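**Student:** Provided herewith is a single structure, encoded as structure tokens, for subsequent inquiry.
The values are calculated or read from the model by the stated rules, or taken from the named source; none is laboratory data. Because the structure is a prediction, the values reported are computed rather than measured. Virtual Cβ from ideal backbone geometry, glycine too; neighbours counted across all protein chains shown.
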Amino acid sequence: MLSNLVKNGLCRIVGEANCSFSREELLCYSYDATNTLHQPDAVVFPSGPEEVSLILKMANSEGFPVIPRGAGTGFSGGSLPVEGGVVISFERMRKILEIDTENLVAVVEPGVVTWDLQQKAEKLGLFYPPDPSSLKFSTIGGNIAECAGGPRAVKYGVTRDYVLGLEAVLPTGEIINTGVRTAKGVVGYDLTRLLVCSEGTLGIVTKAVLKLLPLPEATVTMLSLFSDMRDAARATSAIIKSRIIPSTLEIMDSVSIKCVEGFAKTGLPDAGALLLIEVDGHRAAVDAEAEAVRKVCLESGAKEFRRAADKDEVKDLWKARRAVSAALYKARPGKINEDIVVPRSRIPELVEGLRGISERYGVLIASFGHAGDGNIHVNIMHDKETQAEAALSAAEDVFRLALSLGGTISGEHGVGLSKARYLDMELKPEAIAAMRKIKEAFDPRGILNPGKIFPTPPGRKAAGSAVVL
Amino acid sequence: MKPLELLKHEIDKCVRCGTCRSTCPTTKVLGVETASPRGRVSLVSAFSKGEIGLSETYLKHLRECTLCGACRTNCPNYVDTVSIFAAARAEAVEKQGVPLAASLAFRGLKDSGGIVGIGLKIASRLQGLLFKDASAGPGLVSRFSLPLVGNGRLVPPLAKTFFLDLPEIKSLSGAGEGNRPRVAFYAGCGVNYLMPWVGTKSIELIKRAGAWVEVPGGQACCGMPAYAMGDLASAREMALKNLEALESSGADFIATSCATCGHGLKAIMPELLSDDPALKLRAEKVASRIRDISELLLNELGFRGKGCESGPKTIVTYHDPCHLGRAQGLREEPRELIKMGKGTVLKEMKHPCLCCGLGGGLMYTNY
Ligand SMILES: Cc1cc2nc3c(=O)[nH]c(=O)nc-3n(C[C@H](O)[C@H](O)[C@H](O)COP(=O)(O)OP(=O)(O)OC[C@H]3O[C@@H](n4cnc5c(N)ncnc54)[C@H](O)[C@@H]3O)c2cc1C
Ligand code: SF4
Ligand code: SF4
């Protein structure tokens, strides 16, 4: 609970119209895409770094948690106020401040929706590649905090690779600028990289300087169908091995395909697995690459291969692909959503291993995702009432499998709440201790997004429910 | 129409993924979660569990929704958001009553026995609803694009003669010689009371496109304003009247030049009558013949602008109404029509599909 002193203070800082304490409003800021509820004590909508700074200073003196929030579409509970406190929503800081077409740089506020930036850049012949499937509704701030990635990561990398510099407010209230707006820069520690992917625990981003690329001249979208995930996995490894770098190489298994069938007007074929592949670049080069991809797919056992007929079909295919994650609930009501990564050559082994886990625990495993970079979303679909335990054990086996193949337990969704308890499966105690020291140095009173990454007791309790989505 | 208590399963289907944030016109404008479909579903969920009551805040967020249905179309889990929101409004009305101004007008529209021959008395009630001090509100402009006259009041200039009373409309004969498509024209309140010329011009265009036109009697308000406010009883009565009026016409198509009426008749009328399977079936049949004027002209009648006069160069821009673009998926057709005008240049505005601020119940509660 916040004291009246704090409430009045918040109103003074952001203005009465920009803070809410009513039960109804708080309710709408108590969840994210993990579909778990933790109610904050206040929601504020600042309009600039100074306001954020004042709030953080007050949080330190009065001792209440502060939780930054973008669109609330996180998959690891990062924006959930597990210990109550004040949610800082960036929904009203959503201006694209500048697109510098000479230096290929964009400057944006954190609440800008990724898609809006991409559309604006595209109009100027420029390109902001990071494309999480949530790109139409998640924010740059959230993307930076989680280091979001998407299908294009296989060729273009993830959010981290496009953040040149940040304006951020430290947990103790100081406003800092990190990084550069130039192509290079090595002055001091790389605080930009430290803040990227820090899940809102080390600082609050209030402005981002992002790198843009020239928009590729042409893109070809292709669909390759397989009767089995194993063939699709083999084709993936074969494409990478053949030295073609597609701009998209997405995989979907039969469960995923069925759940989003209705989203493509052209209909998705009934297949055991599919690959959605794109190549982009100069027109002439693109055609040659598309042809090479076709060959590799057919050699790897594709039973059908085709190029998307027109823009509408491309749009449809992407709509279906982006709907998968949320649509899987049609298969089973319970879902544990993991986003492990393995080296690309080992995807076939991963597919084999998942089959074993599914049989061992009697759960349905639906896999889809960014095959091109080895980041497979493994969804353990189960009956919440009777299979919760089995599903959790299956999830742990999935992590073990990923690690044994030389991979990681999260490629892009972050640790947040849901994976906090598995941190030590991947990281050595010394590494975790070093991270804790960094957190303590930045946030001595532990007021910024507590309970995340390193579980506090309430965080650990919350994780119990957040892990079973 | 299902009551809220039967929609529990539907509410629980929402997994709070947030996809709908990208499709909702009110989220686009206001930006905040409380103005998003996901927020609204969460509020209704909490209300149905008794965690919150019929507070002003709850009702405000619920009524800001235009019921355009874009969230439902794009939800990966097919959550029937529109039914949830409509049922929640209905429950609010049941417990609390419709806001006074709105209820007066709906009663009027309903009791008149259709919009034909509606008396000035009722029209003036409608006027009462539209009259409101613009300076008090957030500065929204009326959905009927009315001029601002003195004191910041928007004065709806009620037509001298309502569309349905115009002699040339009354004397329309419908089908004549020759094998042409037959079109029934549905007027709706905007055309009838405020902009009869839109109706007469529409009819002229339909004729020019080579179809016979008739205007069936017994038409009532499409019911959308009442539906949006949660006055389901009134809305259902209107739906039934329209069903009867439009069903008896044997026309191939039923045309409307109002985006909201089109959405109301296509999607909401069958929903309102869904408590009776036989009525629902009949309503769906009628709904399948409803066409917006733009899709009728372009897609059904193959109108290609023949006979359009050339005029001086005119720059025209186009705003996508929620109930046409989002709800009916008609975005290209109106633009194609505009481009047919000789000398007319279509120049897109910055955000052609941004919420106008007045759909659904927005006008009645915020304005
Ligand atoms: C259907 C669906 C598909 C998805 N697909 C992908 C995908 O393909 N790839 C992927 O990487 N992710 C994906 N996600 C996950 C999610 O969309 C991303 O993690 C996204 O980056 C979150 O952005 P957001 O604006 O919703 O942030 P939120 O969920 O609001 O917050 C996420 C984290 O960022 C912090 N944060 C937010 N703003 C700031 C700020 N200004 N400063 C500091 N910290 C901040 C929060 O505290 C929290 O820890 C998907 C989610 C959904 C629902
Ligand atoms: S898109 Fe559907 S499931 Fe997702 S939050 Fe919106 S209503 Fe809920
Ligand atoms: S029906 Fe339209 S206005 Fe209402 S919540 Fe859905 S998208 Fe938004």
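**Student:** Does region B:20-52 hold any residues that are at the interface with chain A (Cβ under 8 Å from one of its Cβ atoms), assigned to a helix (DSSP H, G or I) and farther than 19 Å from A:THR73 by Cα, and which are they?
**Tutor:** B:ALA46
**Student:** Among (1) away from every other protein chain (no Cβ under 14 Å); (2) under 30 Å from A:ALA323 (Cα atoms), where does A:GLY15 come up short?
**Tutor:** Tallying (1) away from every other protein chain (no Cβ under 14 Å); (2) under 30 Å from A:ALA323 (Cα atoms), A:GLY15 fails exactly one: (2).
**Student:** Of all residues being β-branched (Val, Ile, Thr) and in a helix (DSSP H, G or I) in region B:68-93, which is farthest from the chain's Cα centre (by Cα)? Just the residue, please.
**Tutor:** So, considering only residues that are β-branched (Val, Ile, Thr) and in a helix (DSSP H, G or I), the one farthest from the chain's Cα centre (by Cα) is B:VAL93.
**Student:** For the subset of region A:349-391 comprising residues that are touching a strand residue (DSSP E or B) at 6+ places or on another chain (Cβ under 6 Å) and either among the hydroxyl-bearing types (Ser, Thr, Tyr) or assigned to a helix (DSSP H, G or I) (or both), which member is farthest from A:ASP339 (Cα to Cα)?
**Tutor:** Among those residues, the one meeting the criterion is A:LYS384.
**Student:** Shifting gears a bit: Please count how many residues of region B:74-93 are within 14 Å of another protein chain (Cβ to nearest Cβ), more than 10 Å from ligand 2 (Cβ to nearest atom) and out of contact with any Gly (no Cβ under 6 Å at 6 or more places or on another chain).
**Tutor:** 1
**Student:** Please indicate, with yes or no, whether at least one residue in region A:310-321 is among the small types (Gly, Ala, Ser), within 11 Å of chain B (Cβ to nearest Cβ) and touching a Phe, Trp or Tyr at 6+ places or on another chain (Cβ under 8 Å).
**Tutor:** The first filter runs over region A:310-321 and keeps only residues among the small types (Gly, Ala, Ser), leaving A:320.
Among the residues that remain, those that are also within 11 Å of chain B (Cβ to nearest Cβ) are: A:320.
Keeping just the survivors that are touching a Phe, Trp or Tyr at 6+ places or on another chain (Cβ under 8 Å) gives A:320.
Yes: region A:310-321 contains one or more residues that are among the small types (Gly, Ala, Ser), within 11 Å of chain B (Cβ to nearest Cβ) and touching a Phe, Trp or Tyr at 6+ places or on another chain (Cβ under 8 Å).
**Student:** Does region A:38-52 contain any residue that is closer than 27 Å to A:CYS147 by Cβ, away from chain B (no Cβ under 14 Å) and among the polar types (S, T, N, Q)?
**Tutor:** no
**Student:** So, B:PRO3, is that one crowded, with 20+ Cβ neighbours inside 10 Å, more than 16 Å from ligand 1 (Cβ to nearest atom) and either closer than 20 Å to B:ALA90 by Cα or not aromatic (Phe, Trp, Tyr) (or both) or not?
**Tutor:** no
**Student:** Another one. Of the conditions (1) closer than 27 Å to A:LYS241 by Cβ; (2) free of Cβ contacts under 8 Å to residues at least 60 places away in the same chain; (3) of a type in the set (S, T, N, Q), A:ASN375 satisfies every one except a single condition; which number is it?
**Tutor:** For A:ASN375, the failing item is (2).
**Student:** If you take the residues in region A:367-380 that are within 14 Å of another protein chain (Cβ to nearest Cβ) and more than 16 Å from ligand 2 (Cβ to nearest atom), which one is surrounded by the fewest Cβ atoms within 10 Å (Cβ to Cβ)?
**Tutor:** Out of the qualifying residues, it is A:HIS377.
**Student:** Of all residues in region B:53-67, which are within 10 Å of chain A (Cβ to nearest Cβ), of a type in the set (S, T, N, Q) and either surrounded by 20 or more Cβ atoms within 10 Å (Cβ to Cβ) or in a helix (DSSP H, G or I) (or both)?
**Tutor:** B:THR57
**Student:** Same structure again: In region A:86-106, what residues are part of a loop (DSSP other than H, G, I, E, B) and either within 13 Å of chain B (Cβ to nearest Cβ) or buried (at least 24 other Cβ atoms within 10 Å of the Cβ) (or both)? Step through it out loud before you land on a result.
**Tutor:** Taking region A:86-106 first, the residues part of a loop (DSSP other than H, G, I, E, B) are A:90-95, A:101-104.
Selection gives A:PHE90, A:GLU91, A:ARG92, A:MET93, A:ARG94, A:LYS95.
**Student:** Give just the number: which of (1) within 12 Å of chain B (Cβ to nearest Cβ); (2) buried (at least 24 other Cβ atoms within 10 Å of the Cβ) does A:TRP115 not satisfy?
**Tutor:** (2) is the only condition that A:TRP115 fails.
**Student:** For region A:236-244, state whether one or more residues are small (Gly, Ala, Ser) and under 24 Å from the mean Cα position of the chain (by Cα).
**Tutor:** yes
**Student:** Filter region A:58-85 down to residues that are of a type in the set (S, T, N, Q) and in contact (Cβ under 8 Å) with a residue 60 or more places away in the chain and give me whichever is nearest to A:LYS7 (Cα to Cα).
**Tutor:** Here the residue is A:ASN60.
**Student:** Right, another one. Do the conditions hold for A:ALA168, that is, is it within 8 Å of ligand 1 (Cβ to nearest atom) and at pLDDT 95 or above?
**Tutor:** Details: within 8 Å of ligand 1 (Cβ to nearest atom): yes; at pLDDT 95 or above: yes.
Considered against the rule, which asks whether it is within 8 Å of ligand 1 (Cβ to nearest atom) and at pLDDT 95 or above, A:ALA168 comes out as yes.
**Student:** Would you mention how many residues in region A:118-146 are outside any helix (DSSP H, G or I) and either within 13 Å of chain B (Cβ to nearest Cβ) or in contact (Cβ under 8 Å) with a residue 24 or more places away in the chain (or both)?
**Tutor:** So the answer is 15.
**Student:** Sticking with this one: Tell me, which helices (runs of 4 or more DSSP H) lie completely within region A:184-295 with 3 or more residues that are of a type outside the set (S, T, N, Q), in contact with a helix residue (DSSP H, G or I) (Cβ under 7 Å, 6 or more places away or on another chain) and farther than 23 Å from A:ILE380 by Cβ? Don't jump to the end; show me each part of the working.
**Tutor:** On the way: elements: A:191-195, A:229-241, A:254-260.
Result: A:229-241.
**Student:** For region B:36-73, how many residues are modelled with pLDDT under 95 and touching a His at 6+ places or on another chain (Cβ under 7 Å)?
**Tutor:** Result for region B:36-73: 1.
Let's see how each residue does on (1) within 16 Å of ligand 2 (Cβ to nearest atom); (2) farther than 22 Å from A:ASP100 by Cα; (3) in the same structural domain as A:ALA59 (by TED's automatic domain parsing):
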{"residue": "A:LYS136", "(1), (2), (3)": "yes, yes, no"}
{"residue": "A:VAL154", "(1), (2), (3)": "no, yes, no"}
{"residue": "A:GLY165", "(1), (2), (3)": "no, no, no"}
{"residue": "A:GLY185", "(1), (2), (3)": "no, no, no"}
